[in-house]
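Engineer: Could you have a look at this structure, given as structure tokens, before my questions?
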Amino acid sequence: MSNSSVMQTVHGEIDVQDFKRRRLLHVVLPLFIVSIIAFLDRVNIAYAGMTMKEDLAWLSPEVFGMGAGIFFVGYVLFEVPASLLAAKFNAMKWVARIMFSWGLVCVLMTSMSTVFEFYLYRFLLGLCEASLYPVIYSLLIPNWFLPRERAQAISLMLTSLLFSNIIGAPLAGVLLEQQLFGLHGWQTLFIVEAIPAIAFAFIFAFWMKEKPEEASWVTAAEKAYIKAELEKEEAEKQSVKKYTTWQALKDPKVLLLSLIYFLWVIGFWGFSFWMPQVLKNLSGWSPSLVGWAIVIPMTAALLIQVFCGYSSTKRNEKRWHVAITLFIGAIGLAATPHSPTPEISLLFICLSAVGVYGGMGVWWTMPTTFLSGAAAAGAMGLINSSGNMGGWVGPYMLGFINQHMGTFHVGYYVMGACMFLAGLLVLTLPKSMEQK
């Protein structure tokens, strides 16, 4: 065993690298699975939209865009209070509860027959999922990982968004072309992807622990080590400024982060919810072929996201890692409408995917460089809520423009501009947010 991987604590000697590997297995892996399931259930509407309009006459582009985006209205309304409740009580039970709830709502989606029901179920789905990621970013990851480890841990966890698409896109394409038990393909899709949320809620509640002191697989020496390191981090933050929840919500850095994320998410969710239909229209491919083709840009984005997390940790730099990916995404979105062939359109979609996903893991380590505890949970909720308002703006904007102008081109230009502006604003963040 190398000396560099061993650390002496008041309770004895620990292998830091081995402890990190076990934390990845017992903390990041269950969160990774939860995130895959959550993303499957919120974006399956993007794939279902390729065939739903054949069975639901009222599903116009504008209605689809509104229904896809209204998810975030429910999300936003409950996100900050839910994050604070999770911080006050038990984050693990909270995550398990919301998983079970959103699984049930996904099943209800199969029964919708009116515009109102479509909007209602999407709203309820957002309400049920509210606070999931803020709780992960502000409570669970910081409880288990030290500041220098968090960019990598969060980046690994957030590869789940891309794995979800890599798994979900081909699965959705196949299910959409099936007629099982008298159900339409899109109904089968909703049911099949709801089952994991309901089942894993119980597994998650017993698998993961909220804090190291609650876990049987953590030794006494390891508990002492991480407790001492986290207390040192907290003391350093409080010596600079002690944030109450209300102060955190009003802090200029938090408000700037909220604006950046709002602009970013206009592109993120506009791209995510409409990309299958846009690719289908540009290529003329079948739903199953579109599903398999989407694996390519998602794999490219996955590789970049992992690289960004590793590179940010190694170089102790955050702003340029996030900004450069946003600039790449802006180019991809602006160029997509001008694709001369299906293959070129897939290339531009690769650039767009790299842009909307690549820097996300590094991004979510920024608020915890100066916030912790309930203040961090509330600020994360505000940032995510502000950003996710863009999750309503982006999809609805594309649907409205598509219906009234007969093309998605202008919508893609707007998304590209938002991504570019978000990248510029990231570079205005203070260097003090680089974790020492």
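Engineer: Within the range 123-135, work out how many residues are in a helix (DSSP H, G or I) and open to solvent by less than 10 Å² (accessible area, probe 1.4 Å).
Structural biologist: Counting residues in the range 123-135 that are in a helix (DSSP H, G or I) and open to solvent by less than 10 Å² (accessible area, probe 1.4 Å) gives 6.
Engineer: Cβ-Cβ under 7 Å, sequence separation 6+ or interchain: first residue in the range 36-48 and in contact (Cβ under 8 Å) with a residue 60 or more places away in the chain, partner hydroxyl-bearing (Ser, Thr, Tyr). Which pairs?
Structural biologist: Qualifying pairs under 7 Å: 36/160; 36/164; 39/160; 39/164; 40/164; 43/272; 46/272.
Engineer: Test residue 101 against the stated conditions and say whether it is closer than 23 Å to residue 178 by Cα, of a type in the set (S, T, N, Q), open to solvent by 10 Å² or more (accessible area, probe 1.4 Å) and without any contact (Cβ under 8 Å) to a residue 60 or more places away in the chain.
Structural biologist: no
Engineer: Can you name the number of the only condition in (1) in a helix (DSSP H, G or I); (2) surrounded by fewer than 22 Cβ atoms within 10 Å (Cβ to Cβ); (3) modelled with pLDDT under 90 that residue 384 fails?
Structural biologist: (2)
Engineer: Okay, next question. When you go through 78, 72, 64 one by one, which is the residue that is out of contact with any Cys (no Cβ under 6 Å at 6 or more places or on another chain), aromatic (Phe, Trp, Tyr) and modelled with pLDDT of 90 or more?
Structural biologist: When all the criteria are applied, what remains is 64.
Engineer: Suppose we filter the range 40-69 for residues that are open to solvent by less than 30 Å² (accessible area, probe 1.4 Å) and in a helix (DSSP H, G or I); how many remain?
Structural biologist: 19
Engineer: Taking the stated definitions as given, is residue 206 free of Cβ contacts under 8 Å to residues at least 12 places away in the same chain, part of a helix (DSSP H, G or I), under 30 Å from residue 41 (Cβ atoms) and not basic (Lys, Arg)?
Structural biologist: So residue 206 fits the description; yes.
Engineer: Only one of these is open to solvent by less than 10 Å² (accessible area, probe 1.4 Å), in contact with a Ser or Thr (Cβ under 7 Å, 6 or more places away or on another chain), at pLDDT below 85 and assigned to a helix (DSSP H, G or I): 155, 160, 138. Name it.
Structural biologist: After ruling out the rest, the residue left standing is 138.
Engineer: Given (1) of a type outside the set (Gly, Ala, Ser); (2) closer than 21 Å to residue 168 by Cα; (3) open to solvent by less than 30 Å² (accessible area, probe 1.4 Å), where does residue 108 come up short, assuming only one miss?
Structural biologist: The number of the failed condition is (3).
Engineer: Residue under question is residue 359, and the condition is that it be at pLDDT 85 or above and open to solvent by less than 30 Å² (accessible area, probe 1.4 Å); does it hold?
Structural biologist: yes
Engineer: In the range 416-434, what residues are modelled with pLDDT under 95 and either in contact with a Gly (Cβ under 9 Å, 6 or more places away or on another chain) or buried (at least 20 other Cβ atoms within 10 Å of the Cβ) (or both)?
Structural biologist: Answer for the range 416-434, where residues must be modelled with pLDDT under 95 and either in contact with a Gly (Cβ under 9 Å, 6 or more places away or on another chain) or buried (at least 20 other Cβ atoms within 10 Å of the Cβ) (or both): just 426.
Engineer: What tally of residues in the range 81-96 results from selecting those that are over 13 Å from residue 211 (Cα atoms), modelled with pLDDT of 80 or more and open to solvent by less than 10 Å² (accessible area, probe 1.4 Å)?
Structural biologist: Of the residues in the range 81-96, 1 are over 13 Å from residue 211 (Cα atoms), modelled with pLDDT of 80 or more and open to solvent by less than 10 Å² (accessible area, probe 1.4 Å).
Engineer: How about the range 280-317: which of its residues are surrounded by 22 or more Cβ atoms within 10 Å (Cβ to Cβ), out of contact with any Gly (no Cβ under 7 Å at 6 or more places or on another chain) and of a type in the set (Gly, Ala, Ser)?
Structural biologist: Residues satisfying the conditions are 293, 312.
Engineer: Among the residues in the range 191-199, are any assigned to a loop (DSSP other than H, G, I, E, B) and more than 30 Å from residue 300 (Cβ to Cβ)?
Structural biologist: Checking the range 191-199: not a single residue is assigned to a loop (DSSP other than H, G, I, E, B) and more than 30 Å from residue 300 (Cβ to Cβ).
Engineer: Right, another one. Filter the range 318-337 for residues that are open to solvent by 60 Å² or more (accessible area, probe 1.4 Å) and either of a type in the set (A, V, I, L, M) or more than 21 Å from residue 421 (Cβ to Cβ) (or both) and give the result.
Structural biologist: 324, 331
Engineer: Residue check, residue 116 against (1) open to solvent by 10 Å² or more (accessible area, probe 1.4 Å); (2) touching a residue at least 12 places away in the same chain (Cβ under 8 Å), all met but one. Which one?
Structural biologist: Against the list (1) open to solvent by 10 Å² or more (accessible area, probe 1.4 Å); (2) touching a residue at least 12 places away in the same chain (Cβ under 8 Å), residue 116 comes up short only on (2).
The values are calculated or read from the model by the stated rules, or taken from the named source; none is laboratory data. It should be emphasised that the depicted structure is a prediction, and the values quoted were computed from it without experimental measurement. Reconstructed Cβ throughout: ideal geometry from the backbone, glycine too, with neighbour counts over all protein chains shown. The accessibility values were calculated without ligands, DNA or RNA, using every heavy atom of the protein model including side chains. Shrake-Rupley method; radii C 1.70, N 1.55, O 1.52, S 1.80 Å.
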